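Engineer: This is the structure, below, for whatever I ask next.
The values are calculated or read from the model by the stated rules, or taken from the named source; none is laboratory data. None of these values were measured; they are calculated from a predicted model. Using ideal geometry, Cβ is built from the backbone for each residue, glycine included, and neighbour counts are taken over all protein chains shown.
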Amino acid sequence: MASSSDIAFLLIIFFLVTSSFIFKDGLPMVLPDKSKRPKVVENKEITTIVLKENDIIKFNDRRIYMEDLQRELKLLVQKKPDAIVLLKIEKNVIYQKVIDVIDIMKSTKVKKLSFRMIEKG
Amino acid sequence: MIRKRIRPSSAIPVSAMADIAFLLLIFFILSNVSEDTIDIKMDLPQSHISEQETQRYFNVWVDEKGDIFFGGKKGTAQELTSYARFKMASNPQTKALIRASKTIKYEHINAIFESLKEAGVHNIVLVSKKK
C-alpha cells in the first residue's frame with residue numbers, strides 16, 4: 001500500500017510538470033493597432049518579399065529560392081539593422097511556407113516585419 | 001480492576017495517504033483538461049526558432065478544412081472577434097495562440113488576424129513545433 005502512494009505522488013508530479021510545458025512554443029508576433037494611423041514610410045526603405053504559390057519567392061522583384069532567402073536577409077540586416085520588410089503573401093500559399101519565411105526572418109533578426117495578404121498577381 | 005490503557009499507535013496511517021494522493025491525482029488530471037481544449041487532429045508547422053510562452057493566453061485552432069475553433073467549440077470569424085474582446089476585457093495582456101494546421105492556405109490565417117485585430121488583440125503567437 002505504501003508503494004501505491006509513492007506511485008500516485010510520482011504521477012502527480014509528472015502531470016504537474018508536463019502540463020506547464022505542452023505546446024506553448026511558437027513564433028510571437030505583434031499585430032498592428034487598428035485605431036492608430038499607420039506609419040508612413042518611404043517606398044525605398046521597404047524591402048518587399050512576395051510569397052507566391054508554387055514556392056515562388058520574389059525579393060524586391062527579383063526571383064529567388066527559399067535557400068537563398070536567408071543569405072539575402074542576412075546581407076540586408078548587415079547593411080541596415082532596422083530594415084523594414086513587407087511580406088506579401090498570396091492567399092493560396094500553404095501555411096507551412098509562411099512559417100518557414102517568418103522563421104528565416106526571426107533567425108536573421110529582422111525587427112520590423114509587416115504582413116499583407118494579396119490576391120493572385 | 002486494572003484497566004489497560006489504550007496507547008495511540010505510533011505508526012502513520014499510510015493507506016489513507018494513498019487515498020489522498022489518488023484524489024489529488026484525479027483532481028489535477030481533470031483540472032488540466034480545461035474547457036478550452038478541443039480534440040482536433042493537427043499537424044503543426046515546424047520552425048527552427050520557437051520561443052516559450054508563459055503569459056496568459058487563449059487558444060485558436062484552425063483545422064485542415066479551415067474551420068476555426070475557440071473556447072471549446074467551432075465558431076465563425078465574427079464570433080472569434082467577440083470572444084477575443086471578452087478575453088481582452090478580463091486581461092488586456094492576453095495573447096492569442098494560433099494553432100493552425102500546416103497544410104491550410106494563408107487566407108484562413110489572414111482572416112483570423114483580421115478578427116483579432118478587430119478585437120484589439122495585438123500579441124499573437126503562431127504555435128509551431130521545433131524542427
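Engineer: What number of residues in the range B:88-106 are surrounded by fewer than 17 Cβ atoms within 10 Å (Cβ to Cβ) and either within 20 Å of A:I99 (Cβ to Cβ) or within 7 Å of another protein chain (Cβ to nearest Cβ) (or both)?
Structural biologist: Number satisfying all stated conditions: 1.
Engineer: Does A:I64 count as of a type in the set (A, V, I, L, M, F, W, C), modelled with pLDDT under 85 and surrounded by 15 or more Cβ atoms within 10 Å (Cβ to Cβ)?
Structural biologist: Details: of a type in the set (A, V, I, L, M, F, W, C): yes; modelled with pLDDT under 85: no; surrounded by 15 or more Cβ atoms within 10 Å (Cβ to Cβ): yes.
Considered against the rule, which asks whether it is of a type in the set (A, V, I, L, M, F, W, C), modelled with pLDDT under 85 and surrounded by 15 or more Cβ atoms within 10 Å (Cβ to Cβ), A:I64 comes out as no.
Engineer: Yes or no: the range A:63-71 includes at least one residue that is hydroxyl-bearing (S, T, Y) and in contact with a strand residue (DSSP E or B) (Cβ under 6 Å, 6 or more places away or on another chain). Give the derivation first.
Structural biologist: The first filter runs over the range A:63-71 and keeps only residues hydroxyl-bearing (S, T, Y), leaving A:65.
Checking which are in contact with a strand residue (DSSP E or B) (Cβ under 6 Å, 6 or more places away or on another chain) leaves us with none.
The answer is no; no qualifying residue exists.
Engineer: Shifting gears a bit: Say whether the condition of being in contact with a helix residue (DSSP H, G or I) (Cβ under 7 Å, 6 or more places away or on another chain), free of Cβ contacts under 8 Å to residues at least 24 places away in the same chain and not β-branched (V, I, T) is met by at least one residue in the range A:68-78.
Structural biologist: Residues of the range A:68-78 in contact with a helix residue (DSSP H, G or I) (Cβ under 7 Å, 6 or more places away or on another chain): A:69-70, A:73.
Still in the list and also free of Cβ contacts under 8 Å to residues at least 24 places away in the same chain: none.
Among the residues of the range A:68-78, not one is in contact with a helix residue (DSSP H, G or I) (Cβ under 7 Å, 6 or more places away or on another chain), free of Cβ contacts under 8 Å to residues at least 24 places away in the same chain and not β-branched (V, I, T), which makes the answer no.
Engineer: Select from the range B:107-131 the residues that are over 17 Å from the mean Cα position of the chain (by Cα), more than 7 Å from chain A (Cβ to nearest Cβ) and of a type in the set (D, E, K, R) and list them in ascending order.
Structural biologist: Answer for the range B:107-131, where residues must be over 17 Å from the mean Cα position of the chain (by Cα), more than 7 Å from chain A (Cβ to nearest Cβ) and of a type in the set (D, E, K, R): B:E114, B:K131.
Engineer: Yes or no: A:V85 β-branched (V, I, T), touching a residue at least 24 places away in the same chain (Cβ under 8 Å), within 14 Å of chain B (Cβ to nearest Cβ) and crowded, with 16+ Cβ neighbours inside 10 Å? Quick ask: steps written out before the conclusion?
Structural biologist: Numbers: β-branched (V, I, T): yes; touching a residue at least 24 places away in the same chain (Cβ under 8 Å): yes; within 14 Å of chain B (Cβ to nearest Cβ): no; crowded, with 16+ Cβ neighbours inside 10 Å: yes.
No: the conditions fail for A:V85.
Engineer: Give B:D43, B:D19 a once-over and let me know the one that is modelled with pLDDT of 80 or more, out of contact with any Asp or Glu (no Cβ under 7 Å at 6 or more places or on another chain) and more than 8 Å from every other protein chain (Cβ to nearest Cβ).
Structural biologist: Numbers: B:D43 fails: modelled with pLDDT of 80 or more.
One residue alone meets the criteria, B:D19.
Engineer: I'd like to verify a number: residues in the range B:63-86 that are surrounded by 13 or more Cβ atoms within 10 Å (Cβ to Cβ) and in contact (Cβ under 8 Å) with a residue 12 or more places away in the chain, how many?
Structural biologist: So the answer is 14.
Engineer: Condition check: within 10 Å of another protein chain (Cβ to nearest Cβ), within 16 Å of the chain's Cα centre (by Cα), under 26 Å from B:I104 (Cα atoms) and modelled with pLDDT of 80 or more. Does A:S114 satisfy that? Steps first, please.
Structural biologist: Working: within 10 Å of another protein chain (Cβ to nearest Cβ): no; within 16 Å of the chain's Cα centre (by Cα): yes; under 26 Å from B:I104 (Cα atoms): yes; modelled with pLDDT of 80 or more: yes.
Here the answer is no, as A:S114 does not meet what is asked.
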